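Please see the structure below; I have some questions.
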There are 2 protein chains.
Amino acid sequence: MDSTQDTRKRAVVLLSGGLDSATVAAWLQREGFEVHALSVDYGQRHSIELEAARKVARALSLADHLVLKLDLRGVGGSALTDFSIDVPKGESTMDPVASDIPSTYVPARNTLFLSLALGFAEARGAHDLAIGVNALDYSGYPDCRPEFIQAFENLANLATREGVEGRPFKLHTPLQDLRKVEILRLAKELGVPVKETISCYDPSKNGTACGLCDSCRLRSQAVAELES
Amino acid sequence: MDSTQDTRKRAVVLLSGGLDSATVAAWLQREGFEVHALSVDYGQRHSIELEAARKVARALSLADHLVLKLDLRGVGGSALTDFSIDVPKGESTMDPVASDIPSTYVPARNTLFLSLALGFAEARGAHDLAIGVNALDYSGYPDCRPEFIQAFENLANLATREGVEGRPFKLHTPLQDLRKVEILRLAKELGVPVKETISCYDPSKNGTACGLCDSCRLRSQAVAELES
């Protein structure tokens, strides 16, 4: 492991600008990692997310923050990148008991982002990756489930020089079993700049959350629950 | 499966501009697929590759050719994307018995490119992916081995709406057990425009192959063997 050469272990976190990934970054710091953040500029509707990611990286004094540009609009297939599909509002596509996959699902997104994180980690000598998937996401997004996470870790260790040569990668998902209110509580404990984060699927140009999409409603409920 | 709605099955191929992936594209056509090609503009030294990919796509009359731009130079770690690392010449880093991983290895490249192909396939209603990995690559590149291919197919079917809903993806590697001379023979049988393809790791600006890198030497040997 790198720890024989470096005084601090390095980890790569996928930083979206939302509450969850910011909490994961702070959690990695508490675990003793030097944190290298990766954000993907994938032609999303809300580039305001990337600005939030930059603010979070600065506020937490992360070791490094790389923003990779990748224009997924040519691929299409999601309400978050395809401007011809409306973001659903006021209906519960994130409901834990719903079986339908929401239109905000981006084809192969976590596979793709984790692949980028893996390449970044390998190039920087990190053996730990982290992503902010959590229980409420499982209902709709196949690439947030524990079996997906396990399959990706398995792939990472077959795909890379580090994995093949016996220095395996570990994929951390510290929020996996947490509800939104528990994530919010953890974020506050860890000193995450919650106000700087944005999770809205459809913010205004100046970064104001819509308050109506699934992500906003989930967050409002958590705030209310924590305060009650 | 999509074949109930479409008259032709669709497949996505990763098209690099090299001989191998062009042969895979033509193989898919012979298998009855409508072929959608994906090339990745990843800040490689030799953008001449992308021009070759465009020529191959046109010559084979592929249904579609998407070039996705992704600047991996910020990630670093490979002689093919990091301009401070020299491409090895005249030494056998592709030797089937060599155990070292060559410096032309790009961290997590096939994982990343296959993830892009998977997203593209899902968005276009294709359930078949194909990549031109082959036996001689196994020596050095972990992400060309059959166990990696199997792990990616497994991941794809956990990661996606299509996989989860029972319409699984298949990852084809028709060149897996072929030597370079056998690939060249197949390419000629299938009418691949061999002259338009380029596999050199370090071509001149006008697209002339260097003749000295591993990839050039492997191809020259195959041509000589086929003609002898």
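Determine whether A:Glu182 is among the acidic types (Asp, Glu) and either closer than 20 Å to B:Leu116 by Cα or at pLDDT below 90 (or both). Walk me through it before giving the result.
On the way: among the acidic types (Asp, Glu): yes; either closer than 20 Å to B:Leu116 by Cα or at pLDDT below 90 (or both): no.
When the stated conditions are applied, A:Glu182 does not pass them.
So B:Gly125 fits all but one of (1) surrounded by fewer than 19 Cβ atoms within 10 Å (Cβ to Cβ); (2) farther than 19 Å from B:Lys180 by Cβ; (3) modelled with pLDDT under 85; what number is the exception?
(3)
Does A:Ala108 qualify as being over 23 Å from A:Lys9 (Cβ atoms), aliphatic (A, V, I, L, M) and without any contact (Cβ under 8 Å) to a residue 40 or more places away in the chain? Break it down stepwise before answering.
On the way: over 23 Å from A:Lys9 (Cβ atoms): yes; aliphatic (A, V, I, L, M): yes; without any contact (Cβ under 8 Å) to a residue 40 or more places away in the chain: yes.
Criteria met by A:Ala108.
Kindly list, by first and then second residue, each pair from a residue in region B:143-168 that is farther than 15 Å from A:Ala151 by Cβ and at the interface with chain A (Cβ under 8 Å from one of its Cβ atoms) to a residue that is charged (D, E, K, R) and crowded, with 20+ Cβ neighbours inside 10 Å, limited to pairs with Cβ atoms under 8 Å and residues at least 6 apart or on different chains.
Taking only residues 6 or more apart or on different chains, the pairs are B:Asp143/B:Arg109; B:Arg161/B:Glu122.
Got a sec? Which helices (runs of 4 or more DSSP H) wholly within region A:140-228 have at least 3 residues that are of a type in the set (S, T, N, Q)? I'd like the intermediate steps shown before the answer.
Details: elements: A:146-159, A:161-164, A:180-189, A:214-227.
Counting at least 3 such residues, we get A:146-159, A:214-227.
Being under 15 Å from the mean Cα position of the chain (by Cα) and outside any helix (DSSP H, G or I) is the filter; apply it to region A:107-139 and report the residue that is nearest to the other protein chains (Cβ to nearest Cβ).
Initially, region A:107-139 is screened for residues under 15 Å from the mean Cα position of the chain (by Cα), giving A:108-118, A:128-138.
Those left that are additionally outside any helix (DSSP H, G or I): A:108, A:128-134.
Working: A:Ala108: 4, A:Asp128: 15, A:Leu129: 11, A:Ala130: 16, A:Ile131: 13, A:Gly132: 17, A:Val133: 12, A:Asn134: 17 Å.
This residue is A:Ala108.
Can B:Glu196 be described as among the acidic types (Asp, Glu) and farther than 14 Å from B:Glu49 by Cβ?
Details: among the acidic types (Asp, Glu): yes; farther than 14 Å from B:Glu49 by Cβ: no.
It is false that B:Glu196 is among the acidic types (Asp, Glu) and farther than 14 Å from B:Glu49 by Cβ.
Tell me which of these B:Arg185 doesn't satisfy, since it passes every other one: (1) basic (Lys, Arg); (2) in contact with a Lys or Arg (Cβ under 7 Å, 6 or more places away or on another chain); (3) farther than 22 Å from B:His65 by Cα.
Among (1) basic (Lys, Arg); (2) in contact with a Lys or Arg (Cβ under 7 Å, 6 or more places away or on another chain); (3) farther than 22 Å from B:His65 by Cα, B:Arg185 violates only (2).
Within region B:47-67, does at least one residue satisfy the condition of being in contact with a Phe, Trp or Tyr (Cβ under 7 Å, 6 or more places away or on another chain), at pLDDT 95 or above and aliphatic (A, V, I, L, M)? Walk me through how you get there before you give the answer.
Just the residues of region B:47-67 that are in contact with a Phe, Trp or Tyr (Cβ under 7 Å, 6 or more places away or on another chain), to begin with: B:66.
Applying the additional criterion that residues be at pLDDT 95 or above yields none.
Scanning region B:47-67, I find no residue that is in contact with a Phe, Trp or Tyr (Cβ under 7 Å, 6 or more places away or on another chain), at pLDDT 95 or above and aliphatic (A, V, I, L, M), so the answer is no.
So, one more: Which residues, counting only those in region A:207-216, are surrounded by fewer than 19 Cβ atoms within 10 Å (Cβ to Cβ) and touching a residue at least 24 places away in the same chain (Cβ under 8 Å)?
Within region A:207-216, A:Gly207, A:Cys210, A:Leu212 meet the criteria.
The values are calculated or read from the model by the stated rules, or taken from the named source; none is laboratory data. Bear in mind the structure is a predicted one, so any value in this text is a computation, not a measurement. Because the Cβ atoms are built from the backbone with ideal geometry, glycine has one as well, and the counts that use them run over all protein chains shown.
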